[in-house]
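To keep things clear, I will list the structure first and then write my remarks on it.
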Amino acid sequence: MSLDTRLNSHDKGGVGGVAGVLATAEKVRSAVESVIEGKSETVRIALTVLLAEGHLLIEDVPGVGKTMLAKALGRSVDCQVNRVQFTPDLLPSDITGVSVYHQELHEFQFQPGPVFAHIVLGDEINRASPKTQSALLECMEEGQVSVDGVTRSLERPFMVVATQNPGDMEGTYPLPEAQRDRFMARIAVGYPSAQAELDMIDSHSSQSPLESIRPAASTHDVQAMIAEVRSIHVSPAVKRYVVDLVAATRTSSALRLGASPRATLHLVRAARAYAALDNRGHVLPDDVQALAVPVLAHRLLPSPEAQQQQRLPEQVVSDLVSRLPVPDRR
């Protein structure tokens with residue numbers, strides 16, 4: 001199928017072609033933005049991660065709407081959403097589930113944990129111990145849970161949306177590198193503009209705006225959108241551009257840990273979804289550049305020299321993007 005055919009295709013009665021993905025995604029985005037004021041690009045990244053079959057990490061100071069964004073995304077899709085409040089005393093079995101002995105049946109029965117849902121909201125994930133955080137590793141990478149020697153598959157689509165407070169705040173445990181690498185992207189909500197904050201006073205004062213959200217898409221719609229996103233064209237030149245960008249993080253003197261091969265795959269998958277949300281059937285270098293910081297920066301560790309200079313991984317990635325030769329935009 002040619003690019004033009006894919007761009008113009010739209011099956012009746014459901015998601016079809018890139019135009020169908022955009023139409024359905026716009027409904028979901030509109031529902032989320034009815035709650036999250038003035039954060040269009042943040043919402044777009046969240047939708048990008050959903051359509052790219054990834055997981056999202058939202059990091060920011062308390063009170064700026066991290067949990068509200070995650071809940072709004074979950075309510076805008078007609079699917080099962082479970083929330084886990086991470087605390088220091090939370091156990092891995094509190095997330096994955098546990099086998100309970102029933103005396104009447106004289107056997108153990110598995111009681112599924114909250115991870116058995118389409119969208120799992122992990123609130124303040126870095127307030128739990130690394131042992132509990134690790135309970136999500138298998139779920140996020142393989143879409144399954146292994147308990148007592150039995151492996152159980154999770155529903156599709158499956159997405160973890162985790163929020164965390166900055167690591168220098170009291171009572172937090174830093175996420176291990178392996179855990180951070182499972183998240184496709186990390187975003188920050190940030191403080192709203194003055195006008196958005198004024199609007200928020202009116203819309204949030206009487207009741208929670210979450211109560212007015214109605215699902216804008218079904219799980220079937222999301223699965224169809226994901227399937228369409230997988231077919232977005234990525235040229236050999238753009239693939240090489242992604243590989244060169246990721247490789248540059250591994251040789252940068254400002255970093256002591258570069259991005260993994262998983263980061264390469266995540267960047268390509270996210271770029272496909274980002275292109276679809278721009279009504280395109282092919283990925284441009286611009287898509288890669290727009291996603292480089294949210295997809296790569298949280299996986300990187302600065303060198304001691306960069307730390308002394310207070311040079312953040314986000315700045316290093318931006319510098320690499322500005323220096324790396326860009327292929328033809330086609």
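Considering only 35, 110, 318, whose Cα is most displaced toward the positive end of the charge dipole of the chain, charges sitting on Cβ of Lys, Arg (+1) and Asp, Glu (-1)?
The Cα lying farthest towards the positive end belongs to 318.
If Lys and Arg each add +1 and Asp and Glu each add -1, what is the summed charge of the other residues whose beta carbon sits under 11 Å from the beta carbon of residue 305? Present the calculation step by step, with values, prior to reporting the outcome.
Numbers: positive: 256, 311; negative: none.
Here the count lands on +2.
Compute the Kirkwood hydrodynamic radius of the chain, taking the inverse of the mean of 1/r over all pairs of distinct Cα atoms, and give it in Å to one decimal. Before the final figure, lay out each step's value.
Numbers: mean 1/r = 0.0478 Å⁻¹.
Taking the inverse mean of 1/r over all distinct Cα pairs, the chain comes out at 20.9 Å.
Which percent of the accessible heavy-atom area of the chain goes to carbon and sulfur, probe 1.4 angstrom? Each step should come with its number before you reach the end.
Values: 7790 of 15540 Å².
Taking all protein chains in place, the chain shows 50 percent carbon and sulfur surface.
Which lysines have a Cα less than 30 Å from the Cα of residue 239, not counting those fewer than 8 places away in the same chain?
Of all the lysines, those that pass the test against residue 239 - Cα under 30 Å, at least 8 places apart if same chain - are 39.
Dipole size in debye (nearest 20) for the chain around its Cα centre, Lys and Arg Cβ +1, Asp and Glu Cβ -1?
Details: 32 positive and 39 negative charges, 213 e Å.
My answer is approximately 1020 debye.
Return the long-range amide H neighbours of residue 218 (sequence gap of 5 or more, or a different chain), with a cut-off of under 5 Å between placed amide H atoms.
78
Only Lys, Arg, Asp and Glu count, each charged at its Cβ (+1, +1, -1, -1), so figure out the dipole size of the stretch 48-145 about its Cα centre, rounded to 20 debye.
Working: 6 positive and 13 negative charges, 68 e Å.
Approximately 320 debye in magnitude.
Out of all DSSP beta bridges in the stretch 2-323, what portion is antiparallel? Express it as a percent rounded to 5.
Numbers: 12 of 31 bridges.
Antiparallel bridges: around 40 percent, rounded to the nearest 5.
If you take the charge dipole of the chain about its Cα centre, with +1 on Lys and Arg Cβ and -1 on Asp and Glu Cβ, which of 165, 255, 147 is farthest toward its positive end?
The residue sitting farthest along the positive end of the dipole is 255.
Based on alpha-carbon centroids, what's the gap between the stretch 66-110 and the stretch 276-306 in Å, whole number please?
Between the Cα centre of the stretch 66-110 and that of the stretch 276-306, the gap is 32 Å.
Would you calculate, for the chain, the mean residue ellipticity at 222 nm contributed by helices, counting each DSSP H stretch of 4 or more residues as -39,500 (n - 2.57) and dividing by all residues, to the nearest 500? Write down the numbers at each step before the final one.
On the way: 15 runs with 148 residues, N = 330.
Calculated at 222 nm, the ellipticity per residue is -13000 deg cm²/dmol.
Accessible area per residue of the chain at 1.4 Å probe, in Å²? The partial results should precede the final answer.
Values: 15540 Å² over 330 residues.
Roughly 47 Å² per residue, with all protein chains present.
The values are calculated or read from the model by the stated rules, or taken from the named source; none is laboratory data. From a predicted model like this one, the values you see are computed outputs, not experimental measurements. Cβ sites come from the backbone with ideal geometry, for glycine too, and all protein chains shown count toward neighbours. Surface accessibility is based on the protein's heavy atoms, side chains included, excluding ligands, DNA and RNA. Shrake-Rupley method; radii C 1.70, N 1.55, O 1.52, S 1.80 Å.
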